[in-house]
1. For B:LYS3 and B:SER161 in the same chain, what is the full-extension length gain: residue separation times 0.36 nm, less their Cα-Cα distance, in nm?
2. Connecting C-alpha atoms closer than 10 Å in a GNM of chain B, tell me which of B:PHE143, B:PHE188, B:PHE176 has the biggest fluctuation.
3. So, with +1 on the Cβ of K and R and -1 on the Cβ of D and E, and no other charges, what is the size of the charge dipole of the protein assembly as shown about its Cα centre, to the nearest 20 debye?
4. So what are the ³J(HN,Hα) numbers for region B:96-109, from phi and the Karplus equation (6.51, -1.76, 1.60; θ = phi - 60°), rounded to whole Hz, Gly and Pro as x?
5. So for chain B, taking the charge dipole from beta-carbon charges (+1 Lys/Arg, -1 Asp/Glu), which of B:HIS11, B:LEU135, B:LEU146 sits furthest toward the positive end?
6. Which percent of Cα-Cα pairs in the protein assembly as shown sits in each 20 Å bin, short to long?
7. Given a Förster distance of 22 Å, report the FRET efficiency between A:SER48 and B:SER98 from their Cβ-Cβ distance, rounded to the nearest 0.05.
8. Once you've got the GNM for chain B with C-alpha springs shorter than 10 Å, pick whichever of B:PHE154, B:PHE23, B:PHE129 has the biggest mean-square fluctuation.
Amino acid sequence: MKTFLHNFDKAFENKVRLGIMSALMANEYLDFKAVKELLQITDGNLASHLKSLEAKKYITVHKEFLDRKPNTKYKATPQGRSAFEKHIKALEDLLN
Amino acid sequence: MNKQKYLEDLHDIKEMMSRSSRFISLSGLSGVSAGIIAIIAAFAAYKTVYAHQDYLGYRVAVLTTESLIRLLGIGVVAVILAIGGAIFFSTRKARKKSQPVWSIQTKRMVTNLLIPLVSGGLLTVLLLFKGYVGLVAPLTLVFYGLALVQASHFTLKEVKSLGILQIGLGLLATYFIGYGLLFWAVGFGILHIIYGVVMEIKYPS
């Protein structure tokens, strides 16, 4: 069992970060509001988890203006996608 | 950390991936209501197209400008009622599961549904005014089917099978051109009702 543990990604131990990453895996990009609606958590909580995923370079943040309103788009990086896939593989291996 | 938590994680991942990319609140009841509306509309259209005819004589679709406008009116009312039903039942389902209704996922599904649907609708109306009444039923079926197949990438995957069946019916209706209304009633009426009942059992509101 121990051999699988190194594939476990600490970043995805948290439910919110796992949720953010799952949503970004299935979409090209999502904006802050869409992620918030999906996870149904507070702005502050979501922002801190997004920041930590950004710090790990698992997601990129793209800020722009839509009708003069700020709009932040989040996108999974190739690095984040492969880390996530490894994490899922590790979960599946553990269950089999 | 134990097995239960891993299983839960995998389940959450799957659920989030589907919920974030698809409109999953589509209610089966909207299919049933659309089906009932379609059957009533088909009956009304039948009465309009084959009005004032001898019971024993050959049935010929006679269209005056007046009946053409009436036919168009029936179509427009049926579409509005069916869409209204879909919005009503899906909103109710989304509310019950406390999910946003007009989300990015809904918008994506609706845009993908509307592009083939509106093109087909406009084409049909143009052909109707050029006198090609017989093509109305087959073409609306084909375009509706294409719209469903397209939209199915952004909602419940079963919608794709319904779309393929509608396309098949539309093609058959093109071959058996005089029976358009019958095919139309089967596609928009009966198939919708069957689909709606199956979906309601599979994903209860």
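Any read-out appearing in this document is the output of simple, stated calculations on the displayed coordinates, not a laboratory observation. A quick note: this is a predicted structure, and the numbers were derived from the prediction, not measured. All Cβ positions, glycine included, derive from the backbone under ideal geometry; neighbour counts span all protein chains shown.
1. Computed gain between B:LYS3 and B:SER161 is 53.2 nm.
2. Highest fluctuation among the options: B:PHE176.
3. Roughly 780 debye, rounded to the nearest 20.
4. 4, 9, 6, 10, x, 8, 8, 9, 4, 5, 5, 4, 4, 5
5. B:HIS11
6. Taking every Cα pair in the protein assembly as shown, the percentages come to 29, 43, 23, 5, 0.
7. FRET efficiency, A:SER48 to B:SER98: 0.40.
8. Most flexible of the set in this elastic network: B:PHE129.
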